[in-house]
Amino acid sequence: MKIIKSDSDYDKALERIEELVDLDPEKDSPEAEELELLTLLVNTYEDRMYPIETPDPVEAIKFRMEQQGLKNMDMVPYFGSKSKVSEVLNRKRGLSLSMVRALHNGLGIPAEVLISDPGKKIPEEIEGVDWTRFPLNEMIKLGWIEFEGTLQKAKEHAEEIIRPFIQAAGFSRQQNPVFFRKSLRSDRDMDVYALSAWYAKVLIEQKEIGRHAVYEQDILNEAFFAELRRLSFFDEGPQLARELLLKLGINLVVVPHLKGTHLDGAAFLNPEGEPVIAMTLRYDRVDNFWFTLFHELSHLALHLKDNGEYFFDDLKSTNNLSDPEKEADLFAEEQLIPREAWKGFYSAYVSEEEVKSFAQELRISLAIVAGRIQKEREDFRVFRKLLGQNKVRELFER
């Protein structure tokens, strides 16, 4: 007995199967086993040589319409408009997932026929999610997702475009990807769809970086923060900070902010319980980078204990701050510039030369000192030239 490779082998196998069937062999007998094996070989050959093609979806729709006496107008509820009905039936428009779902549920046309993929099922609908509200245009421009066509067409196929992106991020613990209802720091309403997209991109980016060390929480001690702030003394300090964090098992990810998120940074434990610090650099300044980094690391040191916890921060927001946000602000300030050193330095009349001298003494970026003075005075015009404007983003684009 051998694998069937030709029509001649196929015909011989069929003849032998007929002989064995006529013998009506007993179960588990050599003849019965031969019959079972030959049948398997024949089926395999038939599947390879004579595959059954999946019916054309448009022809299947037309057939069902004819069966049920439906006119084009009767199909509007399934397609959305009279023009879309005409375009689909004339093969000028493809079926969107929402159309497939409606036709399957309403007319009973098999999903695998509508999708033109044998054995494929329609993804389960996620209740409460309006896929068209994701920032498709921004995501396409940023290269996060790929789509050729107009924005209108992208919206029609929003679920097919966004769903794989969300799944690639690993939204395994939330049935509904729009889940951000707490731990948001912002005086303004955040667009939760844009926030979900940004968070998904962060998850994808941190996966691609991988894990270079096992994180131990006790490394976030006074010596660690002192070493980290000294890196700010160097022009390439932000890059050095990322390398240091990576070697300690903390991923630092930079992902541009999306409109409606108002984000500076985020801190969370990913589904594997590993720490991630994410930054947007929406304010491309050295002082903003270091305060945001230290603020998010403060959350990691003080507040993040379990998988699934997260903090998303608009650091310009100062109203009705939660206790963890207040603690993170204070902790970051004191780790960047020790309290006693600040008390001995700051006055309402400090000069630019004194700022430079103080930064040199502490071996930290003078942008950190200038930014702290701005905050203390509530005057964002003073020492603006010392803030390191447009000096950070370029480091992460190399």
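What follows draws every value from the coordinates through simple rules; no lab data is involved. This is a predicted model, so every value here is computed, not measured. Cβ coordinates were reconstructed from backbone atoms using ideal geometry, including for glycine residues, and neighbour counts include every protein chain displayed.
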| message | What FRET efficiency comes out for LYS356 versus LYS82 if R0 is 56 angstrom and r is the Cβ-Cβ distance? Round to the nearest 0.05. | response | 0.20
| Taking R0 as 56 Å, what's the FRET efficiency between ASP28 and ILE122 from their Cβ-Cβ distance, rounded to 0.05? | 0.85
| query | Based on Cα positions only, what radius of gyration and what Dmax would you give for the chain, in angstroms? | reply | 31.2, 109
| query | How many angstrom separate the Cα center of segment 254-286 from the Cα center of segment 303-327? | reply | 13 Å
| request: At most 12 other Cβ atoms within 10 Å and a DSSP loop assignment: could you name the GluC sites (Glu not before Pro) in segment 294-383 that fit? | output: GLU378
| remark: Gyration tensor on Cα atoms of segment 32-109, a ≥ b ≥ c root eigenvalues, a/c under 1.5 rounded, else prolate if a/b beats b/c, else oblate, says prolate
| field | Sites matching GluC sites (Glu not before Pro) across segment 1-61 that sit in DSSP coil, with at most 16 neighbouring C-beta atoms within 10 Å | value | GLU26, GLU53
| request: Determine the distance separating the Cα centre of segment 28-49 from the Cα centre of segment 70-94; give it in Å without decimals. | output: 46 Å
| field | Gyration tensor verdict on segment 212-396 (Cα atoms; rounded if a/c is under 1.5, prolate if a/b is larger than b/c, oblate otherwise) | value | prolate
| said: Please give me, ordered by residue number, the GluC sites (Glu not before Pro) of segment 68-147 that lie in loop per DSSP and have at most 11 other Cβ atoms within 10 Å. | reply: GLU124, GLU127, GLU146
